[in-house]
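Peer 1: Sharing a structure below in structure tokens format, with a few things to ask.
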Amino acid sequence: MKLQKFASVAGLGLLNFPPLRSNEPNLEKSFVKHLLSPSKFFCIVALLCGASFTATAQELVTNGGFEMSTAGVGNANFAPGWTNADTSNFSGIGNDPSFAANMTMQYAFLGTDQNFGSLTQNLATIAGTPYTLTFFLANDSGIPPSSFDVRLNGMSIAGFPQTNPPQTPAGGNNGYVQYTHNFIGDAGTVLEFRYMHQDDFFRLDQVSVAGPAGVPELSSTILLAFPTLAALLMLHFFRSRSAKGLASV
């Protein structure tokens, strides 16, 4: 009765567990016959599989949070994934808690003296496929001149470039503002952050380009679900047998 109630609450009522008979000569045979008949077994498998497959969006950016980069000043510090070109050699990777990353430990600080710098990454996009670009940007000074641009294959996205943008206010998000842009990919996409800041720095963190969900993968949940369900069924079966045996004495 408890198992049938559980099955009903969990949406397993279609399994229709029959009552156990006390005159079965073989417990194992009875268990298989009543609880693991082919129709019920495959129904359980289907329900478990339906609940255990997950699909997640495909991330194309390597080292989007700059956690794999080396803290310090210099173009070489941005690797892996990123290529930075800053002739003034002012830009780099920071981990100073006074400025702080958006959510993790490190961030990119970008600010050339006069000429524009460029931070790029090549993305393996597929032509005609929709993607979502997300990043967090902070500006540590509103004193001009400064400029920040975001480009996909050389074309600025909506809302950029920003020329002499105001300083972003400090707060619970450490001054970061989240930006999101949806686009249709080409056969390969160059993501570029183009920047110049004579007074201070821009801070960039948590860069992401997410594509469509990939092929669903079997979750480890299903590996735990089978033995757990089998144990519950066996426990119910033998408890029912014991109760019937005591009642007949």
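Peer 1: Taking θ = phi - 60°, what integer Hz values does the Karplus form 6.51 cos²θ - 1.76 cosθ + 1.60 yield along the range 122-134, in sequence order, with x for Gly and Pro?
Peer 2: 8, 10, 8, 7, 10, 4, x, 9, x, 9, 10, 9, 9
Peer 1: For a quick check: with amide H placed at 1.01 Å from N, whose amide H comes under 5 Å from Ile126's, ignoring anything fewer than 5 positions away on the same chain?
Peer 2: Gly188
Peer 1: For a quick protection proxy, order the peptides 154-163, 81-90 by their average other-Cβ count within 10 Å, most packed first.
Peer 2: 81-90, 154-163
Laboratory data are not the source of any read-out in this text; all were calculated from the coordinates shown. Small disclaimer: the values here were computed from a predicted structure and weren't measured. All Cβ positions, glycine included, derive from the backbone under ideal geometry; neighbour counts span all protein chains shown.
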